[in-house]
Amino acid sequence: MDVKLAFRQFFKNPGFALVAVLTLALGIGGNTCIFSFINSWILRPAPFPDPDRLVVLFETDKRTRANGSTAIADWNDWRQKADIFQDLAAANWVSVNLTGIEEPEKIDGFRISANFFRTLGVRPFLGREFTEEEQAADEPGVVILSHELWRDRFSSDPSVIGRRIRLEDAPVTIVGVMPDDFQYIPMGRADLFIPLRLSPDTMAIREKPVLRPLARLKPGVDVARAQAALATLQATLENAYPATNKNRGVLVRSLQDEIDRQAGNDAVRLRPCPWHTTVGTMCV
């Protein structure tokens, strides 16, 4: 009887019923995505080897206590002078036009240092990582695809390694494809990766903070010790380069704490991703 009544109400006002059904579907889909994210990333440790040794680093403003990106030269000083890291990598955002395939597309991705995946402890599903020589080049030359882009735009073709495409009308060679479960939550999702440009000229840039550093601490080094060591080094840089580094501090935070912080501060939101059409996709 209740089912018959529901059908009668639906046909009496189908527009209202359709809106109600869609609203309910979106709500369920959204809650499912949120739970999947929390279950995968917050209730469980970050899915990398020895995740307790992974930290993210920020340069801070001592006056406002705001934290943000890091200048390339400061990051390089940390890498060379701080004896607390097994690996110190970095990345920043990039948005490029992908051509050389059926339909051109605007793609979001990361520029990464050659040791970025090694620092996390992951390897490409196909192909290889970048080399130090490739990150020193003036042009990217090579690209690594996300598993999703490989599947959607290259039909999961395993012979894609070595194929030439164009980014911003410059030729690049596909050298790798990432695993299907790879995602670096603190910076969000990326559909491709290209080498971070770390030529001698760019390594000297101290004025503009642009990098998001990621580090793997040496065994036995905890966050507190890393924070103290980098604070001392940062004070030395502040004295050596007052024109650019005055009032610059540093913050060391575990990768898992950063993931939890983003979730707690509502930085992780459900919204349609620019690289998807699926309703309810999780974007960060």
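The values are calculated or read from the model by the stated rules, or taken from the named source; none is laboratory data. Please read all numbers here as calculations on a predicted model, not as lab measurements. Glycine also receives a Cβ, built like all others from the backbone with ideal geometry; neighbour counts cover every protein chain displayed.
Quick one: D108 ticks every box in (1) touching a helix residue (DSSP H, G or I) at 6+ places or on another chain (Cβ under 6 Å); (2) touching a residue at least 60 places away in the same chain (Cβ under 8 Å); (3) of a type in the set (D, E) except a single one, so which number is it?
Here D108 clears every test but (1).
Taking into account only those residues within segment 166-186 that are modelled with pLDDT of 90 or more and among the aliphatic types (A, V, I, L, M), which is surrounded by the fewest Cβ atoms within 10 Å (Cβ to Cβ)?
Within segment 166-186, the match that is surrounded by the fewest Cβ atoms within 10 Å (Cβ to Cβ) is A170.
Determine if segment 253-262 includes at least one residue that is outside any loop (DSSP other than H, G, I, E, B), in contact with a Phe, Trp or Tyr (Cβ under 8 Å, 6 or more places away or on another chain), buried (at least 16 other Cβ atoms within 10 Å of the Cβ) and at pLDDT below 95.
Yes, there is a match, as at least one residue in segment 253-262 is outside any loop (DSSP other than H, G, I, E, B), in contact with a Phe, Trp or Tyr (Cβ under 8 Å, 6 or more places away or on another chain), buried (at least 16 other Cβ atoms within 10 Å of the Cβ) and at pLDDT below 95.
Regarding L230, is this residue surrounded by 14 or more Cβ atoms within 10 Å (Cβ to Cβ) and closer than 25 Å to Q256 by Cα?
Spelling it out, L230 is indeed surrounded by 14 or more Cβ atoms within 10 Å (Cβ to Cβ) and closer than 25 Å to Q256 by Cα.
Please list, ordered by residue number, the strands (runs of 3 or more DSSP E) wholly in segment 102-211 having 3 or more residues that are within 21 Å of the chain's Cα centre (by Cα).
Because the criterion is at least 3 residues that are within 21 Å of the chain's Cα centre (by Cα), the strands (runs of 3 or more DSSP E) in segment 102-211 that meet it are 105-112, 142-145, 170-177, 192-195.
Checking the conditions here, which among A136, A170, A190 is within 27 Å of I72 (Cα to Cα) and either among the β-branched types (V, I, T) or touching a Phe, Trp or Tyr at 6+ places or on another chain (Cβ under 9 Å) (or both)?
Result: A190 is the single residue among A136, A170, A190 that is within 27 Å of I72 (Cα to Cα) and either among the β-branched types (V, I, T) or touching a Phe, Trp or Tyr at 6+ places or on another chain (Cβ under 9 Å) (or both).
Looking at E103, is it exposed (fewer than 15 other Cβ atoms within 10 Å of the Cβ), over 26 Å from M203 (Cβ atoms) and not basic (K, R)?
Yes: the conditions hold for E103.
Six or more apart or on different chains, Cβ atoms under 9 Å: show the pairs whose first residue is in segment 139-165 and modelled with pLDDT of 95 or more and whose second is of a type in the set (D, E) and in a helix (DSSP H, G or I).
If the second residue must be of a type in the set (D, E) and in a helix (DSSP H, G or I), the pairs left are V142/E134.
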